């Protein structure tokens, strides 16, 4: 048996700094959105006005739990039947899910959703390029330590890019 770890990074879209990190052994991202928003709130004392995530996080329970706390921007899955409008609320949708479907049909939400690849991948792609593909340690705590070291190094490189270190020394 080979252990597998799922590393989650949350980043600020403006600075591309890592603002949250988590590790688990789950094979998907469905249950990770609410804990990450909670982590950001606990660390910074605020909840993001908007939370931009990929389609792996669009579980209805996430949308329900975050309704009223943050506006979730995540793509609506395309139905198998091409004649079904994915943005039209279904009879089984909760009010939060129905609102999300309507929101994601707007040009504004679609424009914001396109930003995800350009911002999130500025954290994830360098992580993979720097070898954060396989871990030489075992156990969630040790893997999280590696992920946090990576986040610290990444944030330092963002600070250098913004010349924040020079300003702090002045």
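No value in this document is a laboratory result; all are computed from the given coordinates. Since the structure is predicted, the reported quantities are computational estimates derived from the model, not experimental observations. Here the Cβ positions follow ideal geometry from the backbone for every residue, glycine too, while neighbour counts run over all protein chains shown.
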* Structure fact -> Within the range 6-169, the percent of DSSP beta bridges that are antiparallel, given to the nearest 5, stands at 65
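Taking the number of other C-beta atoms within 10 Å as the exposure measure, put 60, 154 in order starting with the fewest.
Working: 60 14, 154 22.
Starting with the residue having the fewest Cβ neighbours, the order is 60, 154.
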* On full extension of the chain, what length is gained from residue 85 through residue 13, given 0.36 nm per residue of separation minus the C-alpha to C-alpha distance? -> 22.9 nm
* Asked: Mean residue ellipticity at 222 nm from the helices of the chain, using -39,500 (n - 2.57) per DSSP H segment of n ≥ 4 over the full residue count, to the nearest 500 deg cm²/dmol?
  -> -15000 deg cm²/dmol
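Where does each of 146, 97, 72 land when they are ranked from fewest to most other beta-carbon atoms within 10 angstrom?
Details: 146 16, 97 21, 72 25.
Going from sparsest to densest Cβ surroundings: 146, 97, 72.
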* Structure fact -> Length gained, residue 106-residue 138, 0.36 nm per residue minus C-alpha separation, equals 7.1 nm
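Dividing the convex hull volume of the Cα atoms of the range 6-169 by its residue count, what figure in Å³ per residue is obtained? Write down the numbers at each step before the final one.
On the way: hull volume 23.5 nm³, N = 164.
Roughly 143 Å³ of hull volume per residue.
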* **residue 64-residue 117 pseudo-label distance in nm [points 7 Å out on the Cα-to-Cβ vector]** => 3.2
* For helix 33-44, report the angle its Cα long axis makes with the longest principal axis of the Cα atoms of the chain; keep it between 0 and 90° and round to the nearest 10°. => 50
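Which of rounded, prolate, oblate describes the range 1-78, given a ≥ b ≥ c as roots of the alpha-carbon gyration tensor eigenvalues and a/c under 1.5 marking rounded, otherwise prolate only if a/b is larger than b/c? Numbers along the way, then the final one.
On the way: a/c = 1.70, a/b = 1.21, b/c = 1.41.
Taking the square roots of the gyration eigenvalues as a ≥ b ≥ c, the range 1-78 is oblate.
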* Average Cα contact separation per residue, the chain, under 8 Å, 6 or more apart, as relative contact order % -> 24
* Could you give the spread of the C-alpha atoms of the range 78-127 along their three principal axes, from largest to smallest, in whole angstroms? => 42, 23, 19
